[in-house]
Amino acid sequence: MNKPQTAITMGDPCGVGPEIIVAALTDPAIRAVCSPLVLGDRLAMQRALTVCNSPLELVTVSSPAGAADLPDDVIPLLELSSLADADIAYGKPSELAGDAVYRYIRRAAELCLTGEVSAMATAPICKEAMHRAGHHYPGHTELLAELCRCDEFVMMLAGDVLRVALVTIHEALSNVPGLISAGQVLKTIRVTAKGVAPLCGSRSPRIAVLALNPHCGEGGMFGTEEEESIIPAIAAAKLEGLDVAGPFSADTFFHFAVQEPAPYDAVVAMYHDQGLIPLKMRHFDDGINITLGLPIIRTSVDHGTAYNLAGNGTASASSMKASLRIAAKLAVGR
């Protein structure tokens, strides 16, 4: 079987990233669907193998080609840093580690852009450590958009039942209404529909769009964003042939959206907490992050560095496993 090769960025070595990678790659079901290549640090990964009591062995490679045909009892590692013990102390943000994390992400994106790997999956990062190292990005999404020179990107978090894409991402709540325009909502609908299409087989993706205000604005009593921006965007999307419905009031919508089989393939939410609180209620352990609209496939775990769990080998690898499965599925569907 020709399995898609996936670059896995190690994430912050002071958190659980290395451990969840080891745990995921110990699972035969994951090795059956993808050919992994970890981009990271040998000391941090070797420590994770010990912490997780893993039977796997690290094998250093110099390129993706060197990892393609290795057996499933090894982890191919492309070494991009040589951190010292002091740089990877559990639970403590490190400037040198923050710089290394940036380089893992950058190299993985480059490998995807050149076609040397089929997709990338990212372990969690510490934004504070990256900022200390001079890399000032709100998160993976914005960094990858810059590396790919892409303006039309959408952050979507997903599980087996619920997928939520965001019109605005990491924004202060007070700024959100001014960022809700018909053009921005329509762009999010378009990118979301195109992005989830490989997961929908032969049929068109079914997209639901949320309102911004309570009760969909109640005819303008509670806000005018629905009438001025959201409804026109939905109408325009329908004229383009997209299967889109809404706007729906967010307080009741998710009760119906999580029924199985799911009535919609993706939900477009207006802001971060509106969409991600219900998503994480339903998919706290197995949710993942997918960056839509990029010229590459990128998935990620839907959790942070979990400094409080780092070093004890108990962090759940469910999200990392889901990230690798979906990355492989998207790569095969392209």
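Restricting region 266-313 to residues that are modelled with pLDDT of 95 or more and charged (D, E, K, R), which is surrounded by the most Cβ atoms within 10 Å (Cβ to Cβ)? Checked region 266-313; the qualifying residue surrounded by the most Cβ atoms within 10 Å (Cβ to Cβ) is 298. Among the residues of region 74-102, those that are surrounded by 19 or more Cβ atoms within 10 Å (Cβ to Cβ), part of a helix (DSSP H, G or I) and among the small types (Gly, Ala, Ser) comprise 97, 98, 100. Among the residues of region 258-279, the ones that are in contact with a Phe, Trp or Tyr (Cβ under 8 Å, 6 or more places away or on another chain) and more than 16 Å from residue 216 (Cβ to Cβ) come to 2 in all. Identify all residues within region 22-58 that are within 26 Å of residue 329 (Cβ to Cβ), of a type in the set (A, V, I, L, M) and in a strand (DSSP E or B); write none if there are none. Passing the criteria: 37, 38, 39. Would you pick out the residues in region 269-319 that are over 18 Å from residue 24 (Cβ atoms) and part of a strand (DSSP E or B)? Within region 269-319, 269, 291, 292 qualify. Taking the numbered list (1) without any contact (Cβ under 8 Å) to a residue 24 or more places away in the chain; (2) polar (S, T, N, Q); (3) in the same structural domain as residue 33 (by TED's automatic domain parsing) in turn, residue 259 passes all entries but (3). Condition check for residue 242 on (1) more than 20 Å from the chain's Cα centre (by Cα); (2) crowded, with 17+ Cβ neighbours inside 10 Å; (3) over 30 Å from residue 112 (Cβ atoms): one failure, at (3).
Kindly evaluate residue 248 against the criterion of being among the aromatic types (Phe, Trp, Tyr) and in contact (Cβ under 8 Å) with a residue 24 or more places away in the chain. It would help to see each step written out before you state the result.
On the way: among the aromatic types (Phe, Trp, Tyr): yes; in contact (Cβ under 8 Å) with a residue 24 or more places away in the chain: yes.
Considered against the rule, which asks whether it is among the aromatic types (Phe, Trp, Tyr) and in contact (Cβ under 8 Å) with a residue 24 or more places away in the chain, residue 248 comes out as yes.
Close Cβ contacts (under 7 Å, 6 or more residues apart or on different chains) running from residues in region 1-23 that are under 14 Å from residue 119 (Cβ atoms) and in contact (Cβ under 8 Å) with a residue 40 or more places away in the chain to residues that are aromatic (Phe, Trp, Tyr) and buried (at least 24 other Cβ atoms within 10 Å of the Cβ) comprise 9/104.
I'd like to know if region 210-232 contains one or more residues that are closer than 14 Å to residue 266 by Cα and part of a helix (DSSP H, G or I). It would help to see each step written out before you state the result.
Kept after step one, since they are closer than 14 Å to residue 266 by Cα, are these residues of region 210-232: 210.
Retained after the next criterion (residues that are part of a helix (DSSP H, G or I)): none.
Within region 210-232, none of the residues are closer than 14 Å to residue 266 by Cα and part of a helix (DSSP H, G or I).
Is it the case that residue 12 is crowded, with 23+ Cβ neighbours inside 10 Å, acidic (Asp, Glu) and closer than 15 Å to residue 315 by Cβ? Taking the combined requirement at face value, the residue satisfies it. If you go through region 238-255 one residue at a time, do you hit one that is on the phi > 0 side of the Ramachandran plot, outside the structural domain of residue 123 (by TED's automatic domain parsing) and in a loop (DSSP other than H, G, I, E, B)? Scanning region 238-255 turns up at least one residue that is on the phi > 0 side of the Ramachandran plot, outside the structural domain of residue 123 (by TED's automatic domain parsing) and in a loop (DSSP other than H, G, I, E, B). Going by what's in this entry, would residue 118 be described as more than 30 Å from residue 194 (Cα to Cα), among the polar types (S, T, N, Q) and touching a residue at least 12 places away in the same chain (Cβ under 8 Å)? Answer is no for this residue.
The values are calculated or read from the model by the stated rules, or taken from the named source; none is laboratory data. On a predicted model such as this, the values are computed, not experimentally measured, just so you know. In this analysis, Cβ positions are derived from the backbone assuming ideal geometry, glycine residues included, and neighbour counts consider all displayed protein chains.
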